[in-house]
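For reference, the structure is listed below as structure tokens.
The values are calculated or read from the model by the stated rules, or taken from the named source; none is laboratory data. Source: prediction; values computed, not measured. Heads up, the Cβs are rebuilt from the backbone with ideal geometry, glycines too, and the neighbour counts pull from every protein chain shown. When the accessible area is computed, the model is the full protein with side chains, heavy atoms only, and any ligands, DNA or RNA have been set aside. Shrake-Rupley method; radii C 1.70, N 1.55, O 1.52, S 1.80 Å.
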Amino acid sequence: MADLARLNEVIEPEAKALGFDLVRVKMMPSEAGDGGQALQIMAEDPATGQLVIDQCAALSRRVSDRIDELEEQGEVLIEGAYHLEVSSPGIDRPLTRPKDYANWAGHEAKISMVKGYDGQRTYKGELKGLEDGRVTIVDTKAGEVSLPLEEIHSAKLVLTDALIAATQPLDTSGAEDIEEEKADD
């Protein structure tokens, strides 16, 4: 197991040092198919809301070096072998921080509540925002509901045409320099 709170304490300063905001740190089954685990780090450049490959690589190196340094000092952050995965949150990003609910108000979201929540478990509809620790969403079935932030298990944006139109494009600098090669007949 891994202490996610401690991993956040270690990873967030590394992201900040590069000018990035940490979106999520999560341990999950590895996609490598080896039955191992993966440390997934999602971060964003506040200027774009995304990371390009070079930014992911820079953050990966910083985090890897910092974890290695702490482990050499005797601290075990993650038991056993793991893969490090650094990525951009993508268009249909998870909503993990209070500011995400405010920043993405007006877009469609899917919210899952923790087990034992008194009421409907999953909500999907237009996100209205966050006020006084409560997230408001206009659910397609239940209508407008106000959900306690601390009772939300997971939330993410739903990919829609409106979301695509509102999302800033990835860095396209240099795209005009791409030349197509003609195949020899």
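With +1 on the Cβ of every Lys and Arg and -1 on the Cβ of every Asp and Glu, and nothing else charged, how large is the dipole of region 66-121 about its Cα centre, in debye rounded to the nearest 20?
Dipole size: approximately 600 debye.
Using the rule -39500 (n - 2.57) for each DSSP H run of four or more residues, divided by the residues of the chain, the 222 nm mean residue ellipticity is -7500 deg cm²/dmol.
For region 20-68, the equivalent ellipsoid derived from the alpha-carbon gyration tensor has semi-axes of 21, 13, 10 Å in decreasing order.
How big is the dipole moment of region 23-121 about its Cα centre under a simple scheme where the beta carbon of each Lys and Arg is +1, that of each Asp and Glu is -1, and everything else is neutral? Debye, nearest 20, please.
Rounded to the nearest 20 debye, it is 600 debye.
Would you count, across the chain, every pair of lysines whose alpha carbons are under 22 angstrom apart, provided the pair is eight or more residues apart or spans two chains? Lysine pairs meeting the criterion: 22. Comparing Leu157, Leu77, Leu95 in a Gaussian network model of the chain, where Cα atoms under 10 Å apart are tied by springs, the biggest mean-square fluctuation is seen for Leu77. For the chain, the solvent-accessible area works out to 61 Å² per residue, with a probe of 1.4 Å and every protein chain left in place.
Farthest toward the positive end of the dipole of the chain, out of Ala105, Val25, Pro89, is the Cα of Ala105, where the dipole comes from beta carbon charges about the Cα centre. The structure shown yields mean projected area of the Cα convex hull in nm², and of the options (i) 15.7; (ii) 11.2; (iii) 14.0 that calculated value carries the label (i).
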